[in-house]
Structure formats: C-alpha cells, structure tokens
Amino acid sequence: QVQLVESGGGLVQAGGSLRLSCAASGRTFSNYHMGWFRQAPGKEREFVTAITWNGGSRYYADSVKGRFTISRDNAKNTVYLQMNNVTPEDTAVYYCAARSKLIMVPELPANYGYWGQGTQVTVSS
C-alpha cells in the first residue's frame, strides 16, 4: 500500500502562485509514476499533469500548459505542483495519485491505484 498526503493548498488571488506537495510513504517511491488531478464542484475529476518514475517525461493538460510545473524528488519521496499565474478556473480540490510503471496512459484516473485525500485551492478575482 502507498499512502499519499497533499499539502500547500489555500486561498490565492488571480495571477498569484502556489506550490502543492505530495508526500508518499509505504512502498518504494521510485516504482511509481505520479499524477495530479483536480475536481471542482459539480464537475468530473480531470487530469492536470503527470510525471514518470524518474522524471524523464512530463505531461500537461492544455488548460495548465505553460503555467503549472510538476516535479519530483525521489530522495524525499515527494512530488510537487508549482502553480503560477493562477485563474479562478483553477479553483478545485487537487489530488495526487500513484500508478504502476506498467500503466503508460497518464490522463485516465482509473489507471491510478492510490490517491491522496486532496487539498483545496481557491483562486479569487
């Protein structure tokens, strides 16, 4: 079992920045690809970004490309989401998730076996 705990959410004004963190424990962190998803009230959970086990490949939704950056530090068992130039449309609960290195499609929530509890991000105008 992998335990994931997100932190760093909060209230920020449009145009500002936040950095979310996801701390992993329970199994070898480098065995997993990692992803970030978000869910706004009344909407489906949507893909934000993902990173492969060694950081060699990164994937971004069109809505965040050029504004958000995913990174990981395997020595610290932690994944980060740097959010720059945020907009009110970024308001959502943000979740980190882990998937097997055998699963090659990063955009589908069903491919992730482990999820954190989520952290709220609210962007005001």
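The values are calculated or read from the model by the stated rules, or taken from the named source; none is laboratory data. Values in this document were obtained by computation on a predicted structure and should not be read as measured data. Backbone-built Cβ (ideal geometry, glycine too); neighbour counts: all protein chains shown. Heads up: the accessible areas ignore ligands, DNA and RNA and are worked out on the full protein's heavy atoms, side chains in. Shrake-Rupley method; radii C 1.70, N 1.55, O 1.52, S 1.80 Å.
I'd like the Karplus ³J(HN,Hα) series for the stretch 33-38: coefficients 6.51, -1.76, 1.60, θ = phi - 60°, whole numbers in Hz, and an x wherever there's a Gly or Pro.
Ordered by residue, 3J(HN,Hα) equals 6, 10, x, 10, 10, 9 Hz.
List the residues, sorted by chain then number, that are 5 or more residues from Ser100 or on another chain and whose placed amide H is less than 5 Å from its amide H.
Gly113
Enumerate the calculated ³J(HN,Hα) couplings along the stretch 51-57 in order (Karplus 6.51 cos²θ - 1.76 cosθ + 1.60, θ = phi - 60°), each rounded to whole Hz, writing x wherever the residue is Gly or Pro.
9, 6, 4, 10, x, x, 9
So what are the chain's ellipsoid semi-axes, whole angstrom, largest first, if each one is the square root of 5 times an eigenvalue of the alpha-carbon gyration tensor?
Listed largest to smallest, the semi-axes of the chain are 23, 14, 14 Å.
With every protein chain in place, what's the accessible area of Asp73 (1.4 Å probe, Å², nearest 10)?
My reading of the accessible area for Asp73 is about 50 Å².
In nm, to one decimal, how far is the Leu108 label point from the Arg27 one, both placed 7 Å along Cα→Cβ?
1.9 nm
Defining a contact as two alpha carbons under 8 Å apart and six or more residues distant in sequence, what relative contact order in percent does the chain show?
Reported as a whole number, the value is 36 percent.
Explain nothing, just compute: Karplus ³J(HN,Hα) = 6.51 cos²θ - 1.76 cosθ + 1.60, θ = phi - 60°, for every residue of the stretch 13-24 in order, whole Hz, x for Gly and Pro.
3J(HN,Hα) across the stretch 13-24, in whole Hz: 7, 3, x, x, 9, 9, 10, 8, 10, 9, 9, 10.
Taking the mean number of other Cβ atoms within 10 Å as a proxy for protection, how do you rank 101-114, 33-46 from highest to lowest?
33-46, 101-114
Which translational diffusion coefficient, to the nearest whole µm²/s, is obtained for the stretch 21-71 from the Stokes-Einstein equation, given a Kirkwood hydrodynamic radius over C-alpha pairs, 20 °C and 1.002 mPa s?
175 µm²/s
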